[in-house]
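Data block below; observations after.
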Amino acid sequence: MAASVVVRAQPPTLDVVLSRAATYVSDFHRRLSGIVAEERYVQDWKTTDTRSPRAGGVLGHRELKSDLLLVKPGPDAAWMEFRDVFEVDGQPVRDRSERLTKLFLDPSPSTDAQIRQILEESARYNLGDVQRNVNGPVFPLLFLERVNQYRFKFKRTTDRIPRAAAGEAPQDGAFRTSVEIWAISYDEKEAATFIRTTEGKDLPVHGRFWIDPASGRVLMSELIAETRVLRATIDASYQSEPLLGLLVPVEMRERYEGRRNGSRIDAVATYGRFRQFQVNVNERFLIKK
């Protein structure tokens, strides 16, 4: 009787997995651009400075309700998240319709001007003493685009379960993963970084992605940006949405820590009510279904 030979499939290389991830992200952006999600975003600002009379106390609390959508201001522009805030601490935003018309239906602004306006509007109601406009759950996926991967050094790691943005073990399973998923770290190496300081200086980022090596699907992302005065961490997780047939963001956790002034901002955003949207030019406003 002839002996049987079992041939085991070889695991993919890191380059192959990154190529699959690039293909996945391209399709993800295309498909998600027709979807709008409702975001509930809770931000807390406190100080840990023992010299402050309010040490350990809350400096501010804010709850936002927004529609979040993926937009591409121009053919050569990158995908961007637009946060259309419609409620702040339970109160409706009164100038919402006028802002949407000006942003998306007014043909006069240039692409650069529209990008600037989208960033400003998306960050309009951020709480605290840290200026930021990258607090969106799909922003880090830009790093995996094929044209951008050369800007980073990628490495497979042995990490199993990522820590939450607050530096604690996840409590609700949103950041859990299985052993089949690859954890891939990244470090930004090229100049003209994705994020800049308020003075316009490069701010390289690093972090990790949790990727299905067979399909390239991204299940979780971690972004860390650090300077001498600030450490920022943004973690996002994605889950399957059966009605849409794709992974969608379900949670984003953030922490911004002032290294000199003891300021700390913690935020949690959750996403739901995913639906199709379209622009009705004749009626001059966005229709969301």
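Read the figures in this text as sums done on the coordinates, not as results from a lab. None of the values given here were measured: they were computed from a predicted structure. Using ideal geometry, Cβ is built from the backbone for each residue, glycine included, and neighbour counts are taken over all protein chains shown.
Annotations for the structure displayed:
- Across the range 122-129, coupling constants 3J(HN,Hα) worked out from phi with the 6.51/-1.76/1.60 Karplus curve, θ = phi - 60°, read 5, 9, 4, 10, 4, 9, x, 9 Hz, and Gly and Pro carry x.
- When Asp76, Asp84, Asp187 are sorted by how many other C-beta atoms sit within 10 angstrom of their C-beta, beginning with the fewest, the order is Asp76, Asp187, Asp84.
- For trypsin sites (Lys or Arg not before Pro), the sites in the range 216-274 that DSSP calls loop and that have at most 15 other Cβ atoms within 10 Å are Arg228, Arg259, Arg260.
- Distance between modelled label sites at Thr197 and Thr158, nm, 7 Å Cα→Cβ extension: 3.6
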